[in-house]
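The values are calculated or read from the model by the stated rules, or taken from the named source; none is laboratory data. All figures in this text were calculated on a predicted structure; none of them were measured in a lab. Here the Cβ positions follow ideal geometry from the backbone for every residue, glycine too, while neighbour counts run over all protein chains shown. In case anyone asks, the SASA skips ligands and DNA or RNA and just uses the protein heavy atoms, side chains included. Shrake-Rupley method; radii C 1.70, N 1.55, O 1.52, S 1.80 Å.
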Amino acid sequence: MITFNCTVQEGIVPEDLRPRLASELARITTGFVGGNPDEVSVNWIEIPHGFGFRGGRLSTTSAVRGEIPPGLQQETRVELMKSLQDMWMDLTGCTTDELVVSARDRRDN
Amino acid sequence: MPNYRCFIPKDALSFDQRQEIALAFTDIHCGSTGAPRSFVSVTFLETPEGQTHEHGQGYYLDGGNRAGRSEEVKQQLLSDLTQAFAKIANVPADDIPGRITENPASWTMEGGFVLPEPGQEGAEWYAAAAAD
């Protein structure tokens, strides 16, 4: 099972864009690690204005945290994260300093 | 990273308190680890009365950091964060449980770069981080 938890700040990522982002997260990730894109779970957590900070200031950063099957080679993991980053920036218009992407090994405990 | 999630009861903290806590956490984390300030995320998640969150009820500090620091550093960091939160929120520190979990830095890309392991940052990485 591949899972993404996407934490976004209120007003930064429009709701009507989220299905496309979710679809691309699934497509790109299964392209690297295998699996069925339809079985990728994408959860959205929207942080209300005034509840998210970065560097002590109000945040505009989105965090895209993926859990993938364990054992991916680091070189491939970096390519995956870079692909996810490029897609997200392309679709949302955010900058590199407004995005955190992770691809963590899934813990089965 | 780091990413600090503060679970709080609904309407427990004003905006000014949340901002003050976020600044305090940034100061404490960067003072302890040397990390760039712009990398410190602090999020407040409210729990409506009568409901529970993933760690139970009431206040909870859930930190996620890069792996590789000593247990002593982690415990001191959590203690300092808890004390700061308690003072600003006017809540007894004993009522604020928390934890710091870790993941390998190489599993995260931030500011366009794969995060270096603690102690492996180097001048080039700090310069790039500061430019963001």
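Just one of B:49, B:20 is among the acidic types (Asp, Glu), farther than 22 Å from residue A:67 by Cα and within 14 Å of chain A (Cβ to nearest Cβ); which is it?
B:20
Rundown of residues vs (1) open to solvent by 20 Å² or more (accessible area, probe 1.4 Å); (2) within 11 Å of another protein chain (Cβ to nearest Cβ); (3) part of a loop (DSSP other than H, G, I, E, B), yes/no style:
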| residue | (1), (2), (3) |
| --- | --- |
| B:45 | yes, yes, no |
| B:68 | yes, no, yes |
| B:88 | yes, no, no |
| B:99 | yes, no, no |
| B:117 | yes, no, yes |
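One residue is enough: does region B:27-42 have a residue meeting the conditions free of Cβ contacts under 8 Å to residues at least 24 places away in the same chain and more than 10 Å from chain A (Cβ to nearest Cβ)?
First pass over region B:27-42, keeping only residues free of Cβ contacts under 8 Å to residues at least 24 places away in the same chain: B:27, B:30-31, B:37.
Imposing the further condition that a residue be more than 10 Å from chain A (Cβ to nearest Cβ) reduces the set to B:31.
Within region B:27-42, one or more residues are free of Cβ contacts under 8 Å to residues at least 24 places away in the same chain and more than 10 Å from chain A (Cβ to nearest Cβ).
Can you tell me which residue among A:25, A:72 is in contact with a helix residue (DSSP H, G or I) (Cβ under 8 Å, 6 or more places away or on another chain), open to solvent by less than 40 Å² (accessible area, probe 1.4 Å), over 30 Å from residue B:31 (Cβ atoms) and outside any loop (DSSP other than H, G, I, E, B)?
Among A:25, A:72, only A:25 is in contact with a helix residue (DSSP H, G or I) (Cβ under 8 Å, 6 or more places away or on another chain), open to solvent by less than 40 Å² (accessible area, probe 1.4 Å), over 30 Å from residue B:31 (Cβ atoms) and outside any loop (DSSP other than H, G, I, E, B).
Could you grab the pairs with beta carbons closer than 6 Å, sequence gap of 6+ or different chains, first residue in region B:1-23 and part of a loop (DSSP other than H, G, I, E, B), second one surrounded by fewer than 18 Cβ atoms within 10 Å (Cβ to Cβ)?
B:10/B:46; B:10/B:48
For residue A:20, are the conditions met, namely being in a helix (DSSP H, G or I) and open to solvent by 30 Å² or more (accessible area, probe 1.4 Å)?
When the stated conditions are applied, residue A:20 passes them.
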